[in-house]
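Here's the structure, in C-alpha cells; my notes come after.
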Amino acid sequence: MDIIIIGLLLGGTYALMAMGLQLQYGVARIMNLANGEMLVAGAFGTFWFYSATKFSPLISLAVIVPLAFAANWAIYRVLITPLVRRAKSQGQLEVDSILATFGLSFIFVGGLLALFGGDYLSYSYLARPIFILGQPYGLNRVTAFIGALALCAGLYIWLHKTRAGLALRAVAVSPSAAGLVSINVPRASALAFALGGAVTAAGGSLLSIFLTFDASLGVVFTLKALVIVIMGGVSDIRGAIVAAFILGLAETIVASLVDPGLTLAAAYVLFIVILLIKPEGLFGRRSS
C-alpha cells in the first residue's frame with residue numbers, strides 16, 4: 001500500500017507535466033522539446049517568489065501561469081507560425097518544430113544559468129509528515145498532488161464543457177474539418193500551445209515544493225512527458241492522465257523493490273511494451 005500511495009502522488013504531478021505537452025502536440029501539432037525547460041522555469045520562478053516574499057509558493061501560480069501563457073503565445077507567434085505557414089506537410093512541420101524547439105531549449109537553459117547559476121536549488125515548505133492509513137508521507141508531496149489533481153480536473157472540465165475547449169478538441173481530431181465549421185485553426189493552435197506552456201509551468205511550480213532542481217533538469221522532464229503523451233495517445237487528454245499514473249506507479253515499484261537507478265530504464269521498457277501491444281497509445285485512435 002505504501003508503494004501504491006507514493007506512486008499515485010508521483011503520478012499526479014507527472015499528469016500535470018504531460019498535459020501541457022499533450023495540448024501542444026495533440027492540438028497544435030508541435031512537438032515541443034523545450035517543454036521541460038518551461039517546467040524548470042516555473043520551478044525557478046516559484047523558488048524566487050518564495051525566497052523574496054516568504055508567501056506560500058502556491059500563490060506564485062497567480063503570477064507564473066499568466067506569464068508562462070504570454071511567453072508561450074509569443075513563442076508560437078514569433079517562432080512557430082512561420083514554420084506552420086511554410087510547411088508543405090504535417091511531417092515537415094513536425095521535423096521543423098523539433099529542430100526549432102530543440103534550439104529553444106538551449107536558449108532557455110542558458111538564460112536560467114545566467115539568472116540562477118548552475119547550483120541545485122530547493123526550499124523548505126510544508127516539510128513535515130502527514131499520516132495516510134497509518135503511514136507518514138511528506139505534506140509537501142501531498143499538497144503538490146492535490147494541486148495537480150485540481151488543475152487537471154479544471155482543465156479537463158474546461159476542455160469538455162466550454163466552446164473554446166470544444167474548438168481545441170475539434171482541431172485535435174481534424175484541423176481541416178475544424179476549419180470548415182468556422183473554427184479559427186491558427187488561433188486555436190496558438191491558444192493550445194500557450195495553454196500547454198502555462199500548464200507545464202504550473203507543474204514546475206508544484207514540483208518545486210518538494211523537488212531539488214537545477215537548470216539542466218528540463219531534458220529529463222521532456223523525455224518523461226514524451227513517454228507519457230505517446231503512451232496515452234496524442235489525441236486524448238485522458239490518456240496522458242492514465243499513462244502518468246501508470247508511469248508513477250511503475251517507477252515507484254522499481255525504485256522500492258529493485259534499484260532506484262533503474263527508474264528511467266523502467267519507464268522506457270514500459271513505453272516500448274505498450275507501443276508493441278497498442279501502437280496508437282492507450283486512448284489513441286487507430287488510423288483508418
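The values are calculated or read from the model by the stated rules, or taken from the named source; none is laboratory data. Here the structure is a predicted model, which is why all the values come from computation and not from measurement. Here the Cβ positions follow ideal geometry from the backbone for every residue, glycine too, while neighbour counts run over all protein chains shown.
Odds and ends about this structure:
- For the stretch 111-138, a residue qualifies if it is under 19 Å from G7 (Cβ atoms), free of Cβ contacts under 8 Å to residues at least 24 places away in the same chain and surrounded by 11 or more Cβ atoms within 10 Å (Cβ to Cβ), and the qualifying residues are P129, I130, P136.
- One residue alone among I209, I272, I277 is β-branched (V, I, T), within 23 Å of G117 (Cα to Cα) and either in contact with a Lys or Arg (Cβ under 9 Å, 6 or more places away or on another chain) or free of Cβ contacts under 8 Å to residues at least 24 places away in the same chain (or both), and that residue is I209.
- Meets criteria (in contact with a strand residue (DSSP E or B) (Cβ under 9 Å, 6 or more places away or on another chain) and among the aliphatic types (A, V, I, L, M)) for L207: yes
- Within the stretch 177-191, considering residues that are polar (S, T, N, Q) and surrounded by 12 or more Cβ atoms within 10 Å (Cβ to Cβ), the one farthest from Q24 (Cα to Cα): N184
- Among the conditions (1) in a helix (DSSP H, G or I); (2) modelled with pLDDT under 90; (3) within 15 Å of A34 (Cβ to Cβ), A215 misses just one, which is (1).
- Looking only at the stretch 139-176, residues that are touching a residue at least 12 places away in the same chain (Cβ under 8 Å), closer than 30 Å to P82 by Cβ, buried (at least 16 other Cβ atoms within 10 Å of the Cβ) and among the small types (G, A, S) come to 3 in all.
- Residue list for the stretch 74-130, filter: in contact with a Gly (Cβ under 8 Å, 6 or more places away or on another chain) and either in a helix (DSSP H, G or I) or polar (S, T, N, Q) (or both): I75, S105, F108, V109
- For W73: the one exception among (1) farther than 17 Å from L191 by Cα; (2) in contact (Cβ under 8 Å) with a residue 24 or more places away in the chain: (1)
- Residue identified as in a helix (DSSP H, G or I), among the small types (G, A, S) and out of contact with any helix residue (DSSP H, G or I) (no Cβ under 7 Å at 6 or more places or on another chain) among A192, A172, A265, A202: A265
- Within the stretch 4-43, considering residues that are of a type in the set (V, I, T) and assigned to a helix (DSSP H, G or I), the one surrounded by the most Cβ atoms within 10 Å (Cβ to Cβ): V40
- Boolean, L21 is hydrophobic (A, V, I, L, M, F, W, C) and closer than 14 Å to A198 by Cβ: yes
- Entry remark, the stretch 49-70: residues being farther than 12 Å from A201 by Cβ and in contact (Cβ under 8 Å) with a residue 24 or more places away in the chain number 5 in total.
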